[in-house]
Each structure stands twice: as structure tokens, then as C-alpha cells.
């Protein structure tokens, strides 16, 4: 029976790992969703300045054959609002691709400089991509025409979200309404954090039930001193509260990416916290009643 349970648990964990954490793409793909934009190009704006190691007055890769050649003094090149600058023009080695596919749809891709991947040993450059996202934390996207005139600038987009969710998949952007929909994917580290919090919540829930059962037995035997049980219950309740607080920033992510598993991932810490609060409150109440009864007897 125990061996079957272990096999089942191993399969569950493996399924979560396979479904929740495939390799991370090391480029940014943008799809304009409102209408066809064959002659509209997309750039990433980064919060970096002239002190950045990759800053350059003019990125030589900006002469990529799939993109128009832009003047150094065009509107996109001079954009500097809130410290954001064009990655295409001012980030050394950055690549932008604008490709017409067989179905006449247009693919837009922004790739990081090759220099970032020189020391990266991961198959798809995940480590370099994560380091890039961690360094800049957020970005904006700019739509521009063949002369570098800016047509639209998106709102700020987080490159990395708690806990280690990195921007991934195709970014949908409706320029007419300026509504952008980035999608994030969880890293191995982030998934392990989810799993540990989830397993910790289960352990706390089970332990709360056990110590409550022990206390009930002690109570029936006339032993109502529960200071140790109160401390243990308080520790479990504190951990459950921590787990719930950790979940809050990623609540929507868990529900949308893990489906039924996401409901369990979210529900268990909350259930554990509710049970912990109820038991902890009951223990305190019983201790107060017991102390009053001892005082009255004296």
C-alpha cells in the first residue's frame, strides 16, 4: 500500500513538473491582434542608461534585412521617457525580426544579443534570458513605422513576476486600444517554491488535526495545560499565513496555469490557515478558562 502511494505521489509531482515548466523561450514574440499590420514594426523599450554595459549610440544590428534602416535621429532613437530607451537602436547586439509567414500573417520577434549567451550552458539560453529579465524587471513595447516614427507605446510590462515567473509565449497587443497581454511561464525554481508551500500547507493541516486530537485526549483525562500545544499550533498557523501571503501575488497564475491543480494549490494553504486560526483560538480560550477555574479554586 505504501509503495503504491509513493508511486502515485511521484507521478503527480512529475506531471506538475512536465506541465508547469517546459523550457523558457529566450526571445520575445509579439502578435498585433486588432488588424493586419504588415508595415508596422515592434521594438522593446528598456529602462537603461548610458552607463549600461550594452548601451550604444547606434546598434549595428539595426541594419537587419528584415527591418527598415532607421536614422539615428528618428523619433524612436530619441525616445527617453521615464528613462526608457529603444532596445533596437541603443542595445548593442539586439535583433528584431519582422517576417511575413505563409498565411500572410506577420511575425515579430525580439532577440537578445548573442554576447549574453556566451557563458550560458542551458539548451535554449534560459539562464541568460532569466538574468536579462531579472536585471531590467520591466519594459514597454513601441510600435513604429518604416521611418522610425512611434505609432503607439504600451504600458509597463513586467519581465519577471513573483515567484520567478518570466515573460514567455506570444505577447498579444491591440494597438488600436493599446491593450497588451503578456503571458508568463514559471521557472523550475518558482515551481519548486509552489510545491514546497503546498506540501508545507498539507503538513501543517495534518499536524493541526493531530495536536487537536492529542489535546482532546488530554482534556478528557483532566490535563488541560496546553502551552506546548498552543506554541506548536501557533507555529503552524504562522506558516499557513505565510503560505497564503506568498500565494496572493500568483493567485491568478496558479488558477489559469494549473487548472484543477491550481484550485488545490490555492485552496490548501487557505484551508490550513482557517483550521489553524480556529484551533489556535480554541486553545487560547481553553487556557483562559482553565486559569480562571484554578484561580477560583484557590
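The values are calculated or read from the model by the stated rules, or taken from the named source; none is laboratory data. A quick note: this is a predicted structure, and the numbers were derived from the prediction, not measured. All Cβ positions, even for glycine, are placed from backbone atoms using ideal geometry, and neighbour counts span all protein chains on display.
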What do you reckon, is residue 84 modelled with pLDDT of 85 or more and over 20 Å from residue 169 (Cα atoms)? yes
Which residue, of 79, 97, 84, 91, is within 21 Å of residue 153 (Cα to Cα), in contact (Cβ under 8 Å) with a residue 60 or more places away in the chain and out of contact with any helix residue (DSSP H, G or I) (no Cβ under 8 Å at 6 or more places or on another chain)? 79
Does the range 12-29 include one or more residues that are touching a strand residue (DSSP E or B) at 6+ places or on another chain (Cβ under 6 Å) and at pLDDT 90 or above? yes
Looking at the structure I just gave you, is residue 293 assigned to a helix (DSSP H, G or I) and modelled with pLDDT under 80? yes
